[in-house]
Amino acid sequence: MKILFTASEAVPFAKTGGLADVATALSRALSKQGHEVVLVLPHYPQLISPAVRSCFKFRPVKDSFVATVGPRETRGRFLETELPESDVKVILVDQPDYFDRPSPYVYENIPYEDNCERFVFFSRAVIEAARQFGPFDVIHTNDWQTALVPAYVEIEERKQSDLFKKVGTVLTIHNLAFQGRFWHWDMALTGLDWKYFNWKQMEFFGDLNLLKTGIVFADMVTTVSPSYAKEICTPELGWGLDPALSDRGDSLVGILNGVDVETWHPEVDRFIKVNYSSETVEQNKPICKTDLQKMVGLPEKQEVPLVAMISRLSQQKGFDLIKQAAGQLLDNDAQFVFLGTGEREFERFLKELAGQYPTRVAALVKFDEELAHKMEAGADLFLMPSEFEPSGLNQMYSMLYGTIPIVHAVGGLADSVVPTSEQTIAAKTATGFSFKEYNVDSFLKTFRQALDTFRDKKTWKQIQQTAMSQDLSWTNSARHYVKVYERAIARHVKG
Ligand code: ADP
């Protein structure tokens, strides 16, 4: 199968969250299973580190192209490279006016004013890439930034070009909270007829909604866990799009994300002090713990549980709960290390907490990939009390590192963590701790359960072994995606 996979970010070229990990790891897994994958991304020159730039050759390919964005014709060009240790071809869409910026979507937490225009351009460029590097069997788009592509295929390309006649389109929703919602006049930028600006297609409470557009026009819609696929069809977690999503019936599918085990696995992780496996975890993980404590300035104590959290600082990730529970969390004998950036209110809160409890709390307000790896290896417990969580990656990384997650049982967290109970300990299936009710009492009760279990060395060891020996790689998930691709393609096979 020949697959065009497109996203607005992918490691190591740009990353603001899980989408970047997924884009690269899924492309690589599909390629390993024998499919031909072309990954199309914007080129953000400022986000490519000198180390990455020196490892990759970015070759300008073919002629430049022109894309129509509203009344303007804008020129762009493609740069070509490859993902290391794979056959995935990477096409970077180079357009400095739109993408030579300090971050992909926001500046100082405020979205760029021309975000709609930038991603209309990018979506047009994806169609152009499909023309130049195709024909493709499938075009797989991700989130609002690329969700216009299925509409362009359906409305403009399928009828007029043989290249697109049989192509299947797929949209994956990584987080329904981000929809690409813009004022109605931005409809003119898309170049599509105003007749599509109606409540059943592209319009949403008077605005243009790009994610909704993709939900309506893609052949298949997926999201990143089976539980989240159900949750987004309800008014509570549907962000107003639950009717459009429910309308998709069984063409909306949930597939749990996997882990890129070449990057996120303690046996091969190149950032951690010493590598370890489920056999050497007892001897080597304490070395990583001391290294982490030293690095973040916490006392080097093995017997005190070290609790880590790596996250965007937002309400979604449960920071309101942590803020409310902070005093009681710190009544327990435990150390905390937080790594994250995001909303000012939570940045300030974490810094103040660290100031108040310098020997118990470390707060690192920055984006630091290397430290994230060291935290996964060095901590004993990982906090992920998200209010909602489409899939979540860190709880899966944590389990593989024997760092036991404490999660709110929602979305992908519910699908991936088996909560510790008498039954799951007896059955040897427990891999973490989870609470159902999203409130301080349930959270604290589960937190205390985790600390008690930490002191019970035999049970702790069992949970660690079960968590670490799971197959969380992309192999299985990639197979599920291929089934979805087949269904998307089948919609255009006649007779
Ligand atoms: P989301 O995509 O909603 O932000 P995920 O758990 O799916 O959440 O993925 C988050 C990814 O971003 C993980 O790989 C995590 O390690 C990483 N991450 C988040 N914040 C930081 C940070 N401040 N420093 C380093 N990595 C981070």
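The values are calculated or read from the model by the stated rules, or taken from the named source; none is laboratory data. The structure presented is a predicted model; accordingly, all values stated were derived computationally and were not measured. Glycine gets a Cβ as well: all are built from the backbone with ideal geometry, and neighbour counts include every protein chain shown. Just so you know, the surface numbers come from the protein's heavy atoms only, side chains and all, with ligands and any DNA or RNA stripped out. Shrake-Rupley method; radii C 1.70, N 1.55, O 1.52, S 1.80 Å.
Numbers below:
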{"quantity": "Residue 268 vs. criteria at pLDDT 95 or above and of a type outside the set (Asp, Glu)", "calculated": "yes"}
{"quantity": "Single unsatisfied condition, residue 382 versus (1) within 14 Å of the ligand (Cβ to nearest atom); (2) in a helix (DSSP H, G or I)", "calculated": "(2)"}
{"quantity": "Test: residue in the range 169-178 that is in a loop (DSSP other than H, G, I, E, B), in the same structural domain as residue 96 (by TED's automatic domain parsing), more than 28 Å from residue 490 (Cα to Cα) and within 16 Å of the ligand (Cβ to nearest atom)", "calculated": "yes"}
{"quantity": "Per-region count, the range 402-448, residues surrounded by 17 or more Cβ atoms within 10 Å (Cβ to Cβ), polar (S, T, N, Q) and under 23 Å from residue 330 (Cα atoms)", "calculated": "5"}
{"quantity": "Every pair of residues 6+ apart whose Cβ atoms lie under 6 Å, when the first sits in the range 359-386 and is under 30 Å from residue 439 (Cβ atoms) and touching a residue at least 60 places away in the same chain (Cβ under 8 Å) while the second is β-branched (Val, Ile, Thr) and part of a loop (DSSP other than H, G, I, E, B)", "calculated": "376/403; 379/403; 382/403"}
{"quantity": "Residues satisfying the stated conditions in the range 69-99, i.e. surrounded by fewer than 14 Cβ atoms within 10 Å (Cβ to Cβ) and either under 22 Å from residue 186 (Cα atoms) or touching a His at 6+ places or on another chain (Cβ under 7 Å) (or both)", "calculated": "71, 72, 73, 75, 96, 97"}
{"quantity": "Within the range 297-324, tally of residues that are open to solvent by 10 Å² or more (accessible area, probe 1.4 Å) and under 26 Å from the mean Cα position of the chain (by Cα)", "calculated": "9"}
{"quantity": "One residue from 239, 264 being assigned to a loop (DSSP other than H, G, I, E, B), over 29 Å from residue 368 (Cβ atoms) and within 16 Å of the ligand (Cβ to nearest atom)", "calculated": "239"}
{"quantity": "Unique residue being on the phi < 0 side of the Ramachandran plot, touching a residue at least 60 places away in the same chain (Cβ under 8 Å) and open to solvent by less than 10 Å² (accessible area, probe 1.4 Å) when the list is 221, 149", "calculated": "149"}
{"quantity": "Checklist (1) crowded, with 17+ Cβ neighbours inside 10 Å; (2) in a helix (DSSP H, G or I) applied to residue 132, failing item", "calculated": "(1)"}
{"quantity": "Only one of 101, 75 that is charged (D, E, K, R) and part of a loop (DSSP other than H, G, I, E, B)", "calculated": "101"}
{"quantity": "Options 213, 190, 169: the member that is buried (at least 23 other Cβ atoms within 10 Å of the Cβ) and within 20 Å of residue 71 (Cα to Cα)", "calculated": "190"}
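To keep it simple, each residue is scored yes or no on (1) assigned to a helix (DSSP H, G or I); (2) more than 16 Å from the ligand (Cβ to nearest atom); (3) out of contact with any Phe, Trp or Tyr (no Cβ under 8 Å at 6 or more places or on another chain).
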| position | (1), (2), (3) |
| --- | --- |
| 19 | yes, no, yes |
| 29 | yes, yes, no |
| 41 | no, yes, no |
| 46 | yes, yes, yes |
| 62 | no, yes, no |
